[in-house]
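Beneath this line is the structure, given in structure tokens, with notes to follow.
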Amino acid sequence: MSEFTHITYEVAERIATVTIDSPQNNNAFTALMGEELISAFERADADDDVKVVVFTGKGRFFCPGADLSAGEETFDYDARYGDNGLDPDKDLIDGVRRDGGGRVSLAIADMRKPVIVAFNGAGVGVGSTMTLPCDIRIASEDAKFGFVFAKRGIMPEAASTWFLPRVVGINQALEWVYTGRVFDAQEAKEAGLVSRVVPGDQLMETTYELAREMVEGSSALTMAAGRKMLWGMLSADSPWEAHRLDSKGIYELGKLPDVREGVSSFLEKREPDFPASIPSDYPEWLPEFPGPKPV
């Protein structure tokens, strides 16, 4: 849409598509791109007409990492920006500038709707890390990945030190971070970073087929509850925490129209037409992701 310069945003069939589209720098991540991505994901999450989000890139790359055009000062924020009118309540954490990739990751983590990533090409550095809070990742055969921070002398960012071990396990996460090597889509699938690898010309068809299946056959309310619970329980101390919230959820959701429609459609052997929409019908008793927010 016209208000964005590094991405596009469109909604069709209750699917919001967020596309990185920055040909001037081959889709490399910039501060402005980060702000636009946050805005797009927040818009999708607040729109009752959106049930699923697809996140992809346009052209040869998904996102090949940070824009390094500032050279040696790329990550020296004091040298590049100074204080730059930063808002202490929004832009700082513990007195320092917040990581831009991390702000994107946390905006995705905070969502109540499923996010499917379609890797059309290389997703390296922040192009990999900012997608870790997404729910399903599908890759083109041509896609490449890399957690290349050791090659740049910089900290793994975008909260990836929390997400990556939970997605692929601690040993695989450490190997990729220690070596900083770029690897192919098949290795990503074998490690669980992506769930499917498909020919490039089938990527978007496969992605939208899955998105439509979720739109047409799944309760938005149940998907929201499942997203918050499954992610949130990764840091729970015991299954008793899940049991406590399961019990609350069964009790509360059991009284709502989506459950009645789900049971009736099954008994009547027809496709369901769930009435609930998110955020209007979001149950406020669900936990924050994945716990108290320091920022």
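The values are calculated or read from the model by the stated rules, or taken from the named source; none is laboratory data. In this text the structure is predicted, and so the values were computed from the model without any measurement. Here the Cβ positions follow ideal geometry from the backbone for every residue, glycine too, while neighbour counts run over all protein chains shown.
Results for (1) surrounded by 18 or more Cβ atoms within 10 Å (Cβ to Cβ); (2) of a type outside the set (A, V, I, L, M), shown as yes or no for each residue.
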{"site": "THR129", "(1), (2)": "yes, yes"}
{"site": "ARG137", "(1), (2)": "yes, yes"}
{"site": "ALA150", "(1), (2)": "no, no"}
{"site": "MET155", "(1), (2)": "no, no"}
{"site": "THR161", "(1), (2)": "no, yes"}
{"site": "GLN172", "(1), (2)": "no, yes"}
{"site": "ARG181", "(1), (2)": "no, yes"}
{"site": "VAL197", "(1), (2)": "yes, no"}
{"site": "THR206", "(1), (2)": "no, yes"}
- Item | Condition check for ILE108: assigned to a strand (DSSP E or B), over 17 Å from ALA66 (Cα atoms) and touching a residue at least 12 places away in the same chain (Cβ under 8 Å) | no
- Could you tell me whether any residue of the stretch 122-129 is assigned to a loop (DSSP other than H, G, I, E, B), on the phi < 0 side of the Ramachandran plot and at pLDDT 95 or above? no
- Task: From the list ASP142, ASP78, pick out the single residue that is over 30 Å from SER219 (Cα atoms), modelled with pLDDT under 90 and not in a strand (DSSP E or B).
- Result: ASP78
- Query: Among the listed residues LEU245, LEU230, which satisfies the condition of being assigned by TED's automatic domain parsing to the domain that holds ILE278, closer than 28 Å to VAL54 by Cα and either at pLDDT 95 or above or not hydroxyl-bearing (Ser, Thr, Tyr) (or both)?
  - Reply: LEU230
- Task: Take TRP231 and decide whether it is within 18 Å of ALA109 (Cβ to Cβ) and outside any loop (DSSP other than H, G, I, E, B).
- Result: yes
- Message: Yes or no: the stretch 32-50 includes at least one residue that is in contact (Cβ under 8 Å) with a residue 40 or more places away in the chain, aliphatic (A, V, I, L, M) and part of a strand (DSSP E or B).
- Response: no
